[in-house]
Amino acid sequence: MPYPACLNADYLDSLLEALGRETLADAFDTYRRTTAEALIRLRSELAAGQAEPSRRTAHFIASGSASIGALAAAGLARSLEHLPLDAPAATVADLVTRLASAVAECEAALAAILRP
């Protein structure tokens, strides 16, 4: 089955084979809920200038995204996690916006795959 570029097709196929559609759908539901909460927390931490908490939250999003095969979201979250502390605010804001879009794109693609 062809997958959008935001997803790791080989990894997702192996997850489907190992876990089955129902278990992977449950994991996806958890990913969606926790990632939505983490994006809210990330924005709040960044607005408050909390560098270390925001890095931990970005790491959380990167790990969760990678574990579900959402490559694009994982890569952007990793970029945020490793961004220099003195990065321009516009760069940070752009990455957060792109991350939220990538998460939404990956979630829509996964939803279509897991709940056809």
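Summary of values
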item	result
Selection count where residues are in contact (Cβ under 8 Å) with a residue 24 or more places away in the chain, more than 14 Å from Ser65 (Cβ to Cβ) and hydroxyl-bearing (Ser, Thr, Tyr), scope region 1-39	1
Members of region 13-25 that are surrounded by 13 or more Cβ atoms within 10 Å (Cβ to Cβ) and either among the acidic types (Asp, Glu) or within 25 Å of His82 (Cβ to Cβ) (or both)	Asp13
Verdict on Ser65 being crowded, with 21+ Cβ neighbours inside 10 Å, closer than 27 Å to Asp26 by Cα, touching a residue at least 24 places away in the same chain (Cβ under 8 Å) and within 8 Å of the chain's Cα centre (by Cα)	yes
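The rows are residues; the columns are (1) exposed (fewer than 14 other Cβ atoms within 10 Å of the Cβ); (2) within 13 Å of the chain's Cα centre (by Cα); (3) free of Cβ contacts under 8 Å to residues at least 60 places away in the same chain; (4) farther than 26 Å from Tyr11 by Cβ.
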{"site": "Ala47", "(1), (2), (3), (4)": "yes, no, yes, yes"}
{"site": "Glu81", "(1), (2), (3), (4)": "no, yes, yes, no"}
{"site": "Glu107", "(1), (2), (3), (4)": "no, yes, no, no"}
{"site": "Leu114", "(1), (2), (3), (4)": "no, no, no, no"}
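Bear in mind that the values in this text are calculations on the coordinates, not laboratory data. Just so you know, these numbers come straight off a predicted model, no measurement behind them. Ideal geometry is used to build each Cβ from the backbone, glycine not excepted, and the neighbour counts take in all protein chains shown.
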